[in-house]
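Here the structure is laid out as structure tokens; the discussion comes afterwards.
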């Protein structure tokens, strides 16, 4: 932690900050420059982070030196974490593919999609039973009925299940049916929900919030990890910008960013990131090339009839063609699919 | 709803969309321009919104004509909603002031702040008992103990209580102690939590999400209103931009925007919006001038020792001076404080 | 300047950076923490800023301690700069009002607007003769003919003239007719243009770029100031965000921000910031309350017929009513209009 | 163009808009819905775009149906434009590589880089002689001396030259030495400069502005194209967001976006987009996978000593290794390098 004092800080100002820091059992190093005095603090940065040093009179700014997350950091855990979901792996060169409809709409369509995505090579079936919808008047999901349909369809074709939980009260229920419990972008900072899924022994897919930094995504992962659950898969799904021709702006540089700073795998959801099925294939290939550890894709047998997100869903035929391209490219990008 | 077809759309493309829309019992009006064909749809836009028309082959874009919220809209409810919290009013020319520490840290400091903010003219005491913190290692609040302290301090000085709820499981508990139940920015799209507080008979303070549009804020209010709770106070608390000298960018134009489109009151939280106590007074005055229906301010007896957000808390002395200035200005801005 | 080394930096890494810094004639102070080594650099930060210290092996990050602007900073010039344009003053409690059409469309309308805004109390007439338009097919302005019309209309009613220059080749021409030479948002980082107007003896109105930070705005002002022209008026005109119901997001916290860090006056352009005439009055009042040193407003006798920006122009009647309200409020906000 | 009237629009309101539109020689089609009246306008949208229809009383919003650019659109020119710069091609499957130092610092280093990038397979040498720097106190480039050095170095190794022009007065000078004239991000909406380079017969590299949408980038290209210069290469270089661990946020979805809407080639500058040399390789590969038509890369023999942008420059050794990887991948991504 580095404390920069305002121009013209008096000796008393300096002493005041020094005393405050020392009272916490930490050491300081004062450096008087020509225009500013700087105080370096040595010791546990965590303890300092709780103290509003920037609220002390005479302090201009406080600079953090260390990363605020621990268990999520690569310094804490040097090697890539590989999350294995019934044989489908994410991380460490493994590229897992999660595919399925935005929402579980009916048994028939879920089974149809499951069969097709399995045939094309997906390892995990996705589908929402609890749907976070902007409008209260939109379809909210089939709830437990949807979970049952999803589980049955996945089991029939030997797929894993990935589905979202939105409420702390539903964590146990969802975990009963899911192999990967998903935390949606809107809940990335729903800390109670994060803590709750941190108690599960199941992998958690944590989506980046709509305007979250990569650092904040890792801080949210920290909430899960500290509860003892170290099977966290991060997911880049686009962030909000002024660009209005895509639903969000996919930030693929989040991939090398996460890989540099964390051991956790990160996958990409190009469906939500772009909101446009005509961009999904291209961005899927780009994501793999950027080093992603997998993909999450919306696949619907008839996007025109989808109860949600039809515009961004690809058909099983397109999905199969994309998988074929990715299988061809994977060896050149040092990736093994599923 | 207006559907724009791609350049070169064939008669079959047009017919396909027309048939799809008509099958929903709606009427269409086809207009063939020189370069594009446009299909206007007449009838219940809500029904159409659920259909992924933009997923139909040949469709270039779909434009919504109506606002997606109803109960929150001024068209639905022409006059300003005035939320009355034990005599402190928000809306319709009434300017309510909520003040207090970021977090309830102890009985002593809470009582001290309550006394001071009451004396200066605040109507509601704020204070977090459940704190959403970016880091799991930060102080998370005193929980029910904090609620008790807050309630007692408020009662002692005749103040109302405003405090945050973060978990659906805690709604009943928090509502027992609070006069206004607060939904934080990070939970603006926690739809289950919104639905839950929509069942209360207590006023709800709904903060704008970190990157939410005003329209989305109103959609989230809609979740509460449709449950039957029409005592919703909106809160502008800054949005995320690239500007890094303030914590967020306070969007005061959200005030006329909400007033134009909705009957709900909107207050401003300049503490979180700027993250800097040296900007709080100025932005409070500006908020009142922009037509805000109230303020929410962080006041701490000793910001340098605050357990959270010290840098953005003002002292009771500054708060009193700000209240004095606002009381002087209020009549000129057609506002009545508390 | 503070240099933070990567975790596990060796003695050789540290020595390498120290040697590099010392070779520039600067002093260092090395501090070895538990997890990181930090190197404080004492001396001319400017010299260091040119050296890519962050490109040196073993360096994790480089933190700047000082502000990168000098002449624009309040440390350099403690008192408010007051820019006086033929009696209309900006800064130091003076609130200057610039009003007029977006573009000079004809002599008739320009004269009509000039008369009305003068009567209502404006000090400066605005109007574009050179128009930066997103589309090359849009009206580009009357060029010198427009300048002549503007000058004549202003002179007739005793107003000053504020008009934009977009090209280094036109600086002399524009300066011949203008009392304030305006640099538009799109040219905020057109450094050659800034340097050129820095050679004028006329005041310069510098608009904040569409996604510029306040610090960058001050850096651009620095380009003008260092050429010897210290009559710079800054202008907040909204920044780009994801919010789509206003043209831009007006950042009123830029006002206390500039006032804290710089001695230069800052005015607000609510017309471009909101893009909506129904928000202009409210945001004008809010800007004055936030401490702005003036306003720039688009006024058009018949917005429905305007050749550009009609949707954000207010009528002379609305302008007069706004001026009346501001005149009433000014003494309560410690402002003197014009 | 579609005009949506406000709720409760009277017959007179409707007639007023209809009359206004008809007076422009256009046809209308009025559609009265349950809640809104909509007026479709048939004819030249360009003529309408100039009229502030949204300023007419009773109008709620105006929706554009057509793209505002013409010559840049794929509708205007169906096949990919391939820009050939002395044999290095951009577009239509050709992947051109531009590499070199951020700034031309000296003859020696320029020659050294030129030799290395040529050997590794680059076709064009980049280097700034006129540098747009945020600070007026930073190195501003060697000006014409820099152009001479760059030209000589490029000629010696059979490379083309790409360099930036910042001032309309320098266009002729820069064009004398350059094979590609570059318009930097800060000048993307410097319309006079665009018009000026539109008169050249040389290819123009147009960088996306810091907060420009893809549509605006294409509008700026339109300024060049309409002057008769159709050799425009677009460049994605990251946009501004709240994410602060990279200099900008690289928007790779701009590539399929441009390819869908325009015939112009688009390349990627991962150096400026990320600001971090450790992310440059990964994002270069991802850009190629996203369909980019080329790359622009900062290569410096000794980034630690660079006079600008050292932190984002890669070494010649890294560049050679990246080129080798891209050469291996290109056939699998249907690209031919240079």
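At a glance:
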{"quantity": "Hydrodynamic radius by Kirkwood, which averages 1/r over all alpha carbon pairs of the stretch C:119-196, in angstrom", "calculated": "13.0 Å"}
{"quantity": "Semi-axes of the equivalent ellipsoid for the stretch C:96-225, Cα gyration tensor, largest first, Å", "calculated": "24, 16, 14"}
{"quantity": "Square roots of five times the Cα gyration tensor eigenvalues for the stretch D:47-162, Å", "calculated": "42, 23, 10"}
{"quantity": "Contour minus Cα-Cα distance for residue B:327 and residue B:169 (0.36 nm per residue)", "calculated": "52.9 nm"}
{"quantity": "Centre separation in Å (Cα based) which lies between the stretch D:195-215 and the stretch B:58-129", "calculated": "47 Å"}
{"quantity": "Copies compared at residue A:115 - label distances in nm, ascending, label defined 7 Å from Cα in the Cβ direction", "calculated": "6.6, 7.6, 8.1"}
{"quantity": "Peptides D:246-257, D:304-315 ordered by average Cβ neighbours within 10 Å, highest first", "calculated": "D:246-257, D:304-315"}
{"quantity": "CD proxy at 222 nm, helix term only [per DSSP H run n ≥ 4: -39500 (n - 2.57); per residue of the protein assembly as shown; nearest 500]", "calculated": "-9500 deg cm²/dmol"}
{"quantity": "Chain D: angle of helix D:277-289 to the longest principal axis, Cα-based, in degrees nearest 10", "calculated": "60 degrees"}
{"quantity": "Relative packing of peptides D:117-124, B:280-287 - highest average C-beta neighbours within 10 Å first", "calculated": "B:280-287, D:117-124"}
{"quantity": "Average beta carbon contacts from partner chains per residue of B:277-290, 10 Å cutoff", "calculated": "6"}
{"quantity": "Acute angle (nearest 10 degrees) that the helix D:107-120 long axis makes with the longest principal axis of chain D, alpha-carbon atoms", "calculated": "80 degrees"}
{"quantity": "Crossing angle, helix B:316-329 versus chain B [Cα axis fit, 0-90 degrees, rounded to tens]", "calculated": "60 degrees"}
{"quantity": "For the stretch A:250-300, Kirkwood radius (reciprocal of mean inverse C-alpha pair distance, Å)", "calculated": "11.0 Å"}
{"quantity": "At 7 Å out from Cα toward Cβ: residue B:92 inter-copy label distances (nm, ascending)", "calculated": "4.8, 6.5, 7.1"}
{"quantity": "All Cα pairs of the stretch C:170-231, percent lying beyond 19 Å", "calculated": "20 percent"}
{"quantity": "Zone residues, the stretch A:106-131, relative to residue A:145, backbone N less than 18 Å from point 7 Å out along Cα-to-Cβ", "calculated": "A:106-112, A:127-131"}
{"quantity": "Label spacing, shortest first and in nm, from residue C:176 to its equivalents in the remaining copies (7 angstrom along Cα→Cβ)", "calculated": "2.8, 8.2, 8.5"}
{"quantity": "Beta bridges per DSSP with both ends in chain D, % antiparallel, nearest 5", "calculated": "40 percent"}
{"quantity": "Per-selection metrics, chain D (Cα): Rg and Dmax in Å", "calculated": "23.0, 76"}
{"quantity": "Spatial separation of Cα centroids for the stretch B:22-38 and the stretch B:283-338, in angstrom", "calculated": "53 Å"}
{"quantity": "Radius, Kirkwood style, for the stretch A:255-337 when every pair of distinct Cα atoms is counted (Å)", "calculated": "13.3 Å"}
{"quantity": "Per-residue average of Cβ from other chains inside 10 Å of C:214-222", "calculated": "3"}
{"quantity": "The protein assembly as shown shape via C-alpha gyration tensor axes, a/c threshold 1.5", "calculated": "rounded"}
{"quantity": "DSSP beta bridge pairing in the protein assembly as shown, given as percent antiparallel to the nearest 5", "calculated": "40 percent"}
{"quantity": "Label-point gap, in nm, between residue D:32 and residue A:64 - each point 7 angstrom along Cα→Cβ", "calculated": "6.1 nm"}
{"quantity": "Shielding of B:129-136 by partner chains, average beta-carbon count, 10 Å", "calculated": "6"}
{"quantity": "Residue of chain D whose Cβ sits closest to the axis mapping D onto A, with distance in whole Å", "calculated": "D:289, 2"}
{"quantity": "Shape call, the stretch C:191-308: gyration tensor on alpha carbons, a/c limit 1.5", "calculated": "prolate"}
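FYI, it's all coordinate maths here, none of it is from the lab. Everything numeric in this text was worked out from a predicted model, so none of it was measured. Glycine also receives a Cβ, built like all others from the backbone with ideal geometry; neighbour counts cover every protein chain displayed.
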